[in-house]
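Trainee: Take a look at this one; I'll ask things after.
Any read-out appearing in this document is the output of simple, stated calculations on the displayed coordinates, not a laboratory observation. Small disclaimer: the values here were computed from a predicted structure and weren't measured. Cβ: placed from backbone, ideal geometry, glycine included. Neighbour counts: every protein chain shown.
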Amino acid sequence: MKSILTAAAVALGLAQPLAAQDFPTGPVTIIVPYSPSGNTDVFTRHLAPYLEEKWGQPIVIDNRPGGGSMVGTAIVAQAEPDGHTLLVTTSAFVTAPAIQTSLPFDSREAFAPVANVGHVSYVLVTNGDSGFDTLEDFIAQSKDAPKFAATAGLGTTTHFAIEKFIADSGADVDVVHFKGGGPAVVSILSKETDIYGSSISSAGENLKTGKVKALAVLGNERIDALPDVPSTAELGFPDLEIKQWVGMFAPAGTDPAIVAKINADVNEALQTPEFVATVTPLDWTLFQSTPEGFAQQVDEELTKWKALAVSQGISK
Amino acid sequence: MYRIDYTDLVGGLLLVALGAGVSLVAIQHYPLGTLQRMGPGMFPAILGVVLGGLGIMLALQALRRTGKRPDIRVFSPLFVLAGVASFALLITPAGLIPAIVSIVVISSLAELRIRPVSLALLCLALCLMAPLVFVVGLGLPIPLIRWPL
Amino acid sequence: MDFFSNIGLGFSVALSLTNIFYCFLGALLGTLVGVIPGLGVLAAISMLFPLTFHLEPTTALIMLAGIWYGTTYGGSTASILLNLPGTPANAVTCLDGYPMAKQGRGGVALFMTTVASFFGASFGIILLTLFTPIIAEYALQFGSAEYFALMLMGLVAASTISEGSAIKGLAMVVLGIIIGLVGMDTQSATVRFSFGILGLLEGVSLIALAMGVFGVAEIIMSVRRVKTADIDPESLKLKAIKPSRDEMRRSWFPMLRGSSMGSFFGTLPGTGPSIAAFLSYAIEKRISRTPERFGKGAIEGIMAPEAANNAADQTAFIPTLSLGVPGSATMALMLGVLMIHGVAPGPNLISSQPELFWGLIMSFWVGNLILLLLNIPLIGVWVRMLTIPYHILFPAVLAFICIGAFTSGFSPLNVWMVFAFGVLGYLMRIFHFPGAPLLLGFVLGPLMEEHFRRAMVLSRGDFMTFFERPISATIMALTGLVLIWGVVSAERSRKRQLLSEGEVDHTPEATDRPT
């Protein structure tokens, strides 16, 4: 479904043959397939004013949560490919299709990737009083008595991060799904589960007070927020470079010149010092990306996660 | 008065049909799993059976007692529901005002008499009030009117 | 400790002019959102969320919280006067509130629910003030097994919530659970009963269900039957809202029990005011010596749920603020306000942001007082609404229901759901199936399934998990007791009925019954 106002503009013939330099000719709707106030939503709401100023058109942020982000994603897949309806979503874009097999769109065919705007890192966390202090401990103990891992939901990036960790480390872990990051953190706090791949903001203050402790950062490098916590690469798992990225997509068929223009404008916004200052406390690493590079990354990740889902037996 | 309670008999049989349908769909389309590791089909399959069972109990009881004539109306549901449907059809393509007018006009036909003056006044009042409450007051992004494509 | 200085600090924040203004604004909007059937608190708060970018976080939270608890105050109005719930949490208030209105005691009912709301809210705020950290710890003891046990107890306790046949009540609970299963299964990503409609991935909307089954069906049944409610002009006068001494006396304990139930369910993430209201009604009916009065305008039947849902509204802030874990989508929005302003919710919040924490909590007193002062004069206005001829009232209400349904998700799909559930609700009226158990099953069912399956994974398939974990075992034992109690009291009332039927058999009318 299209934005109300965009539709009106189209109806009045305003949005007919569209040159990239004229873009946008009307209000732009950005669909966020998550509830207001989530990480992605907050990021988008911070980004929108920069684009509004640049484009001289209002931006409507439309939250369409549900189906592990796939409801809002499908809406954009079916939208008019004129650049006036965009999607800002997370890496669930590439993980969820590995599990949800009956989606009404093809993730590769239905979208034109625009920009990869940034990512947040995952930290493997456990209860402050759990019987292990390092990831080695955890893996070793799990082989004596199997452990439980929490996820923020089936098909989320947290789920795939844990599955990949299990596949690479050989730890004996059963996966338990929760509805969102909040309940997953509670299950760690209450010791119902033993490990969770959390973003820094999900674990939040609980990390600082020691109710939750970090075992490792998923990825090749340590992160600034937790300088003392080793990366999984240091611990001998080089393939666990898994981040929750946020990216912008347009419907397939959007004029490549418009895609390039949006990409350039987004990149410009991401470089402004004010923007960097607003999102840095939320632990974001920002990127300068090209549509081509992002498209390639999306394509590779779709293949990679599908293969993991099949080998771990979580895909139907 | 009827010799048996037809209302509950039919109601019970409807429950049986519904329960059977739910169980069949669940068993055919969704993996059942085991009780320990329940699949997505297990819970609905059980519920369907329970619903059917309750339906049978209801129908059996109905055979053993007298019943009253059920209270079935034709025009009220017809017009009220048609009003709701017209709202659903019009709200996206035409906007808020046409949707309000159509739901008010169509549903008020359920009265089976037309009061043109009070109807027009009601439409007018609602078309002023609704945008004020929802669009101005709560800032909801609903278009008031949109020219059909 | 410096408890009093904290309270003082809180009031100094809450009583600033700006904060009082936004608190008032929130309470007013909340009342409005609550009174209008179909418009949900989540939709309203989502819409106002972007506004909070420009406000101080404390002020923003005070306003959003005002909407949140104000909605529950206002929600009972339509339940009582029109038999359609303003919000799902007020659905159970219809059961006894509407009969009261029909008896010309609508003013009393509105006044008493306002009192109950204030009482419940105060109870919740006091708990919030004194015990937040302790309660948060305690809520962590509830794992999936405990949740399942709790939900099971809820369903067993509530199976007799409505009048009439127990079989019909149970059947509607089951049907409610089945409707609750629509959408994507969280444990396997299988999409169930969605008929290929994409919007149904996230399941059926609770508001659409409540509005269809209660609202649209009620309108269908009332058209051409209700003219203007034949109200005694005396009942419109302000003194008519005064409850009788007997009603006052019978209200205390239901309010207390309702507040306790509400406070308990409010603190548990994932449950909330709706469940609390339903269960406190069920409890009142269970323990009443005269359960036959329920459903016919028993004051206990409105006091307990209205105290419960308001208490739950307040204590819902406990896990949200102290653990950083939102108990519902609305609470997640509140957390979002904090995160936008760079405040991390969590166990440190109370010490690191005392102005925010205590200011917010003390603003609840301000807000509830405003609501009390706002709602009592409004009673006269609302009761007068009954003098509007029904042929004018019902199309207007119907329009508001549809607009409200549309605003939750801005999709005509939700209006179509109201349509579908209107059909269902009408069928249920024809066959005399009660609506309240359907709604309860819908709310509890998906939680039950989710927690049962998760508990099974966590226990590695051992059913004993429900009986080995102490809290779960206690709840299970209580469930057993409730069940036995139910059978015994059913038996007793059956005997009583047989006795009275024996008397009836002597009347001429009954002699032509088939044997």
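Trainee: Determine the shape class of segment A:245-311: with a ≥ b ≥ c the square roots of the Cα gyration tensor eigenvalues, call it rounded for a/c under 1.5, and otherwise prolate if a/b is greater than b/c, oblate otherwise.
Mentor: Working: a/c = 3.21, a/b = 1.31, b/c = 2.45.
Here segment A:245-311 falls in the oblate category.
Trainee: Another question about this same structure. Taking the Cα centre of chain A as the origin and placing charges on Cβ (Lys, Arg +1; Asp, Glu -1), which of A:Ile195, A:Gly67, A:Leu154 is farthest toward the positive end of the dipole?
Mentor: Of A:Ile195, A:Gly67, A:Leu154, it is A:Gly67.
Trainee: Which whole-number percent of Cα pairs in segment C:1-67 have a distance greater than 20 Å? Could you put the intermediate results ahead of the total?
Mentor: Working: 772 of 2211 pairs.
Roughly 35 percent, rounded to a whole number.
Trainee: Could you tell me the center-to-center distance, by alpha carbons, between segment C:315-380 and segment C:416-449 in angstrom?
Mentor: What the calculation gives is 32 Å, centre to centre.
Trainee: Another question, if that's okay. Excluding residues fewer than 8 places away in the same chain, name every one of the aspartates and glutamates whose C-alpha is closer than 12 Å to that of A:Lys213.
Mentor: Within the straight-line limit of under 12 Å, A:Lys213 reaches these aspartates and glutamates: A:Asp129, A:Asp133, A:Asp194, A:Glu205, A:Asp228.
Trainee: May I ask you to sort B:Met129, C:Met476 by Cβ crowding, counting other Cβ atoms within 10 Å and putting the fewest first? Don't skip to the answer; put the middle values down first.
Mentor: Working: B:Met129 15, C:Met476 20.
Ordered by Cβ neighbours within 10 Å, fewest first: B:Met129, C:Met476.
Trainee: Considering only DSSP beta bridges with both partners in segment A:121-217, what is the antiparallel share in %, to the nearest 5?
Mentor: Details: 9 of 16 bridges.
Here the share of antiparallel DSSP bridges comes out near 55 percent.
Trainee: Okay, next question. Can you list residues from other chains, or at least 5 along the same chain, whose modelled amide H is less than 5 Å from the amide H of A:Asn63?
Mentor: When sequence neighbours closer than 5 places are left aside, the close amide H contacts are A:Val32.
Trainee: I would also like to ask the following. Rounded to a whole number of µm²/s, how large is the Stokes-Einstein D of segment B:41-124 at 20 °C and 1.002 mPa s, given Rh as the Kirkwood radius over C-alpha pairs?
Mentor: 130
Trainee: Sticking with this structure for a sec: Residue by residue through segment C:303-318, which ³J(HN,Hα) values in whole Hz follow from phi under the Karplus form 6.51 cos²θ - 1.76 cosθ + 1.60 (θ = phi - 60°), with glycine and proline marked x?
Mentor: Listing the rounded values in order: 5, 4, x, 6, 5, 5, 5, 6, 4, 5, 4, 6, 6, 4, 6, 5 Hz.
Trainee: Fewest to most neighbouring Cβ within 10 Å: what's the order for C:Ser122, C:Ser280?
Mentor: On the way: C:Ser122 19, C:Ser280 33.
Least crowded to most crowded, the residues run C:Ser122, C:Ser280.
Trainee: Expressed as a whole percent, how much of the Cα-Cα distance distribution for chain B exceeds 29 Å?
Mentor: Numbers: 5819 of 11026 pairs.
Counting every Cα pair in chain B, those more than 29 Å apart make up 53 percent.
Trainee: Also, quick follow-up: Between A:Ser121 and residues 5 or more places away or on another chain, which pairs have amide H atoms under 5 Å apart, with H built 1.01 Å from N, and which residues are they?
Mentor: Those qualifying (amide H under 5 Å, at least 5 residues apart or on another chain) are A:Ile200.
Trainee: Once phi is turned into ³J(HN,Hα) by the Karplus curve 6.51 cos²θ - 1.76 cosθ + 1.60 with θ = phi - 60°, what whole-Hz value does each residue of segment C:396-410 show in order, with x for glycine and proline?
Mentor: Listing the rounded values in order: 5, 4, 4, 4, 5, 4, 5, 4, x, 4, 5, 5, 7, x, 6 Hz.
Trainee: Further question on the same structure: Sequence-distant or interchain residues sharing an amide H contact under 5 Å with A:Leu215, placed H: which?
Mentor: Residues meeting the criterion, in which the H sits 1.01 Å from N, are A:Leu124, A:Val125, A:Thr126.
Trainee: About the Cα centre of the protein assembly as shown, what is the dipole size in debye to 20, counting +1 per Lys and Arg Cβ and -1 per Asp and Glu Cβ, all else neutral? Numbers along the way, then the final one.
Mentor: Working: 59 positive and 70 negative charges, 836 e Å.
It works out to roughly 4020 debye.
Trainee: Longer than 26 Å from Cα to Cα, which of A:Lys147/A:Lys243; A:Lys211/A:Lys306; B:Lys68/C:Lys296; A:Lys143/A:Lys164 are they? Say none if no pair is.
Mentor: Values: A:Lys147/A:Lys243 23 Å; A:Lys211/A:Lys306 35 Å; B:Lys68/C:Lys296 21 Å; A:Lys143/A:Lys164 17 Å.
Long pairs (Cα-Cα over 26 Å): A:Lys211/A:Lys306.
Trainee: Would you work out if chain A is rounded, prolate or oblate? Take a ≥ b ≥ c from the square roots of the eigenvalues of the alpha-carbon gyration tensor; rounded if a/c is under 1.5, else prolate when a/b is larger than b/c, oblate otherwise.
Mentor: Working: a/c = 2.29, a/b = 1.86, b/c = 1.23.
Note, shape of chain A comes out prolate.
Trainee: Using Cα pairs under 8 angstrom and six or more residues apart, how large is the relative contact order of segment B:1-128, in percent? Write down the numbers at each step before the final one.
Mentor: On the way: 164 pairs, mean separation 32.6, N = 128.
Relative contact order for segment B:1-128 comes out at 25 percent.
Trainee: I've got another one for you. For segment B:75-137, what is the Kirkwood hydrodynamic radius in Å, using each pair of distinct C-alpha atoms?
Mentor: On the way: mean 1/r = 0.0835 Å⁻¹.
12.0 Å is the Kirkwood radius here.
Trainee: Separate question: What area, in nm² and to one decimal, does the C-alpha convex hull of the protein assembly as shown cast on average over all directions? Don't jump to the answer; show the numbers that get you there.
Mentor: On the way: hull surface 158.5 nm².
Directional mean of the projected Cα hull area for the protein assembly as shown stands at 39.6 nm².
Trainee: Considering chain B as a Gaussian network with a 10 Å cut-off on Cα pairs, which listed residue, B:Thr66, B:Thr34, B:Thr92, attains the greatest mean-square fluctuation?
Mentor: Looking only at B:Thr66, B:Thr34, B:Thr92, the largest GNM fluctuation is found for B:Thr34.
Trainee: How big is Rg to Rh over segment A:215-259, alpha-carbon atoms, Rh as the Kirkwood inverse-mean-distance radius? If you can, show how the numbers build up before the last one.
Mentor: Values: Rg = 16.8 Å, Rh = 12.9 Å.
That ratio equals 1.30.
Trainee: A further question on this structure: Please list, in order along segment A:68-84, the HN-Hα scalar couplings obtained from phi with the Karplus expression 6.51 cos²θ - 1.76 cosθ + 1.60 (θ = phi - 60°), rounded to whole Hz, x for Gly and Pro.
Mentor: Per residue, the Karplus-derived 3J(HN,Hα) values read x, 6, 6, 5, x, 4, 5, 4, 5, 4, 9, 7, 5, x, 10, x, 8 Hz.
Trainee: How large is the dipole of segment A:33-137 about the Cα centre if only Lys and Arg carry +1 and Asp and Glu carry -1, each at its Cβ, rounded to the nearest 20 debye?
Mentor: 320
Trainee: Compute a Gaussian network model of chain A, connecting alpha carbons closer than 10 Å, and tell me which residue from A:Ala250, A:Ala115, A:Ala20 fluctuates the most.
Mentor: A:Ala20
Trainee: What does the C-alpha gyration tensor say about the overall shape of segment C:3-497? Classify as rounded when a/c is under 1.5, otherwise prolate if a/b is larger than b/c, or oblate.
Mentor: Details: a/c = 1.32, a/b = 1.07, b/c = 1.23.
It comes out rounded by the Cα gyration axes.
Trainee: Taking neighbour Cβ counts within 10 Å as the exposure measure, how do C:Asp246, C:Asp96, A:Asp283 sort from fewest upward?
Mentor: The order, fewest Cβ neighbours first, is C:Asp246, A:Asp283, C:Asp96.
Trainee: Right, another one. When chain A is modelled as a GNM with alpha-carbon springs shorter than 10 Å, which of A:His46, A:His159, A:His84 fluctuates the most?
Mentor: For chain A, modelled as a Gaussian network with Cα springs under 10 Å, the answer is A:His46.
Trainee: How many angstrom lie between the Cα centre of segment A:48-127 and the Cα centre of segment A:128-195?
Mentor: Cα centroid to Cα centroid, the span is 27 Å.
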